[in-house]
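Asker: I'd like to ask some things about the structure below.
The values are calculated or read from the model by the stated rules, or taken from the named source; none is laboratory data. Just so we're clear, the structure is a prediction, and the values are computed from it rather than from any experiment. Don't worry about glycine lacking a Cβ; one is built from the backbone with ideal geometry, like all the others, and counts go over all protein chains shown.
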Amino acid sequence: MAVLDAPSRYPTTRPQRKKPLAERFWAKVEKTPTCWNWTASTRRDGYGWFNVNNGAQLAHRVSYELCKGPIEDGLHVLHSCDNPACVNPNHLSLGTHQDNMDEKVARGRSTAGRHIKPFCKRNHEFTGANLYMYRGNRYCRACRAERRNKTNKPQIPNHE
């Protein structure tokens, strides 16, 4: 369903706004030589919010629909500029979620792989035979052996 045609989530008895949607939208945009930045309310991640039919919509999606037409179900609006506040229709294109993730990795914005440490907390190297995986996490075999040795020490016999 198109963003601009979405039914209101919260019916209201307020009188309809007098300004057209496009005029209200573009009044909240600061145009620079490259990006057109959203100046109204934003989410924590920097993407803009805009009220359409008494429901909040992402500003870059509204911009795309105003300038290029409806967005098909299941498609995302992708930024070519990597600026979440940008609503410049020349920087926006449609793509799948996978397209978005592929661009994220290609542009080096993915955190996948950045947090992987080469050593465990006891400074054993996470390579080869010393590394094992369990439920998607990396573990150190040397530390595991040390833990087992601590808990499996033979009991000292009682001398009565």
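Asker: Can you find a residue in the range 63-72 that is of a type in the set (Phe, Trp, Tyr) and either modelled with pLDDT under 85 or not assigned by TED's automatic domain parsing to the domain that holds TRP26 (or both)?
Answerer: No, every residue in the range 63-72 fails to be of a type in the set (Phe, Trp, Tyr) and either modelled with pLDDT under 85 or not assigned by TED's automatic domain parsing to the domain that holds TRP26 (or both).
Asker: Keeping to the range 41-84, report how many residues are of a type in the set (Gly, Ala, Ser) and touching a helix residue (DSSP H, G or I) at 6+ places or on another chain (Cβ under 8 Å). If you could, list the steps in order and put the result at the bottom.
Answerer: Taking the range 41-84 first, the residues of a type in the set (Gly, Ala, Ser) are 41, 46, 48, 55-56, 59, 63, 69, 74, 80.
Narrowing further to those that are touching a helix residue (DSSP H, G or I) at 6+ places or on another chain (Cβ under 8 Å): 48, 59, 63, 80.
Number satisfying all stated conditions: 4.
Asker: Would you say ALA56 is closer than 25 Å to LYS18 by Cβ and of a type in the set (A, V, I, L, M, F, W, C)?
Answerer: yes
Asker: For ALA59, all conditions in the list (1) free of Cβ contacts under 8 Å to residues at least 24 places away in the same chain; (2) touching a Phe, Trp or Tyr at 6+ places or on another chain (Cβ under 7 Å); (3) not hydroxyl-bearing (Ser, Thr, Tyr) hold save one; what is the number of the exception?
Answerer: If we test ALA59 against (1) free of Cβ contacts under 8 Å to residues at least 24 places away in the same chain; (2) touching a Phe, Trp or Tyr at 6+ places or on another chain (Cβ under 7 Å); (3) not hydroxyl-bearing (Ser, Thr, Tyr), just (1) comes out false.
Asker: For the subset of the range 10-57 comprising residues that are within 19 Å of PRO70 (Cβ to Cβ) and in a loop (DSSP other than H, G, I, E, B), which member is modelled with the highest pLDDT?
Answerer: PRO20
Asker: Related question: Do you know which of the residues in the range 32-68 that are aliphatic (A, V, I, L, M) and farther than 9 Å from ALA85 by Cα is surrounded by the most Cβ atoms within 10 Å (Cβ to Cβ)?
Answerer: VAL62
Asker: Quick check: anything in the range 129-137 closer than 30 Å to TRP38 by Cβ and either at pLDDT 85 or above or of a type in the set (A, V, I, L, M, F, W, C) (or both)?
Answerer: No; the residues of the range 129-137 include none that is closer than 30 Å to TRP38 by Cβ and either at pLDDT 85 or above or of a type in the set (A, V, I, L, M, F, W, C) (or both).
Asker: Which numbered condition in (1) touching a strand residue (DSSP E or B) at 6+ places or on another chain (Cβ under 7 Å); (2) β-branched (Val, Ile, Thr); (3) at pLDDT 90 or above is the only one that VAL3 fails?
Answerer: (3)
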